[in-house]
Amino acid sequence: MRLKDKVILITGSGSGIGRSTALLFGEEGAKVIVNDLSEEKGEETAADIRAAGGEAVYYKADVTDPASVQPMVDGVIASFGHIDVLFNNAGISGIGALHEIEPEMWDKVVNVNVRGVYVPSKYVLPYMMERRSGSIINMSSCIAEIGLARRAVYAATKGAVLSLTKSMQVDYAPYNIRVNALLPGTIMTPFVENYLRTSYADPEEAINGLKSRQLSGEIGLPEDVAKAALFLASDESKFMMGSPLYIDGGVVFGKNA
Ligand code: NAP
């Protein structure tokens with residue numbers, strides 16, 4: 001019960017890392033606010049948490065759209081009184097070297113991955129500032145540090161999230177609000193499965209290529225990231241501020257090994 005009675009909003013928690021984190025947080029005693037674009041997937045995550053004995057509600061909202069995020073945040077406050085933790089997890093991929101990316105795709109990825117951190121934070125922060133308490137977890141990626149072939153716009157957005165995290169931390173430290181970032185390596189989720197299916201003639205060979213990049217020799221699981229998010233959401237990380245937390249099988253620091 002490391003999160004007992006904490007009210008935690010997780011964006012994009014109908015799938016992958018967000019879903020896995022929501023399930024773990026539910027087991028750890030949190031009141032989990034599941035957000036996703038997809039009602040079906042979001043409701044399923046919330047129902048699974050409740051079936052396991054936890055507490056969860058689903059809110060449909062597009063993280064890029066203030067008109068849907070603000071009512072979600074206000075609704076959570078009306079029902080639960082406050083928000084202890086915001087996990088800005090929702091994100092999308094964008095494949096291509098810079099010259100291959102159409103402006104529409106550039107804007108879409110920047111919109112979801114960067115504006116999608118700004119908008120929920122903008123509406124949650126005033127409530128955290130009022131209580132002088134809170135933890136925000138922003139989803140970056142190890143690609144922010146090392147780059148990756150044909151991921152120009154994705155890398156740019158995850159670098160932006162890391163920079164934003166540090167700036168947010170400086171601004172909100174006086175309010176006793178911590179802001180940290182997660183930097184996962186390759187994690188096997190629908191996001192990556194879809195990429196492998198659509199980008200490679202032989203997805204199995206591609207998986208072996210991905211594995212060989214890790215010092216661990218393995219691809220990560222959503223649960224690996226969920227456990228790191230649990231640390232950042234809990235008071236156990238109270239001395240961690242404005243920091244990147246790597247969950248990457250050694251990719252960043254082992255790249256020259
Ligand atoms: P995922 O399985 O695709 O889950 C992402 C979820 O976000 C989906 O349920 C998606 O809903 C939702 N979402 C997308 N746009 C949204 C929006 N505008 N508003 C609300 N929800 C939205 O992906 P994942 O692999 O778990 O990735 C989660 C986060 O981790 C992303 O930020 C990703 O960049 C980051 N990350 C992933 C990896 C990896 O290897 N998997 C590595 C590093 C970082 P729909 O499916 O309905 O669109």
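Give me the pairs, please: first residue somewhere in region 96-123 and of a type in the set (S, T, Y), second residue anywhere and part of a helix (DSSP H, G or I), beta-carbon distance under 6 Å, and either six or more positions apart or on two chains.
These pairs meet every condition: Y123/V69; Y123/Q70; Y123/V73.
Exactly one condition in (1) out of contact with any Phe, Trp or Tyr (no Cβ under 7 Å at 6 or more places or on another chain); (2) surrounded by 21 or more Cβ atoms within 10 Å (Cβ to Cβ); (3) among the basic types (K, R) is not met by K31; state its number.
That leaves (1) as the condition not met.
Can you find, within region 140-151, the residue that is surrounded by the fewest Cβ atoms within 10 Å (Cβ to Cβ) among those that are in contact with a Gly (Cβ under 7 Å, 6 or more places away or on another chain) and at pLDDT 95 or above?
A144
Only residues in region 30-55 that are without any contact (Cβ under 8 Å) to a residue 40 or more places away in the chain count as the first member; pair them with residues that are assigned to a helix (DSSP H, G or I) and away from the ligand (no atom under 16 Å from the Cβ), Cβ under 6 angstrom, at least 6 apart or cross-chain, and list the lot.
V32/G26; I49/G26; G54/G26
Is one or more of the residues making up region 46-53 surrounded by 21 or more Cβ atoms within 10 Å (Cβ to Cβ), over 14 Å from the mean Cα position of the chain (by Cα) and at pLDDT 95 or above?
Within region 46-53, one or more residues are surrounded by 21 or more Cβ atoms within 10 Å (Cβ to Cβ), over 14 Å from the mean Cα position of the chain (by Cα) and at pLDDT 95 or above.
Cβ contacts < 6 Å: first residue under 21 Å from I146 (Cβ atoms), restricted to region 231-250; second residue part of a helix (DSSP H, G or I) and of a type in the set (D, E), any location; separation 6+ or different chain. Result?
I247/D224
Conditions tested, residue by residue: (1) at pLDDT below 90; (2) within 29 Å of V32 (Cβ to Cβ).
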{"residue": "A156", "(1), (2)": "no, no"}
{"residue": "A173", "(1), (2)": "no, yes"}
{"residue": "R178", "(1), (2)": "no, yes"}
{"residue": "S199", "(1), (2)": "yes, no"}
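Quick one: count up the residues across region 170-185 that are out of contact with any Asp or Glu (no Cβ under 8 Å at 6 or more places or on another chain), buried (at least 19 other Cβ atoms within 10 Å of the Cβ) and not small (G, A, S).
Residues flagged as out of contact with any Asp or Glu (no Cβ under 8 Å at 6 or more places or on another chain), buried (at least 19 other Cβ atoms within 10 Å of the Cβ) and not small (G, A, S) within region 170-185 amount to 6.
The values are calculated or read from the model by the stated rules, or taken from the named source; none is laboratory data. Here the structure is a predicted model, which is why all the values come from computation and not from measurement. For neighbour counting, all protein chains shown are included, and Cβ atoms are generated from backbone atoms with ideal geometry for every residue, glycine included.
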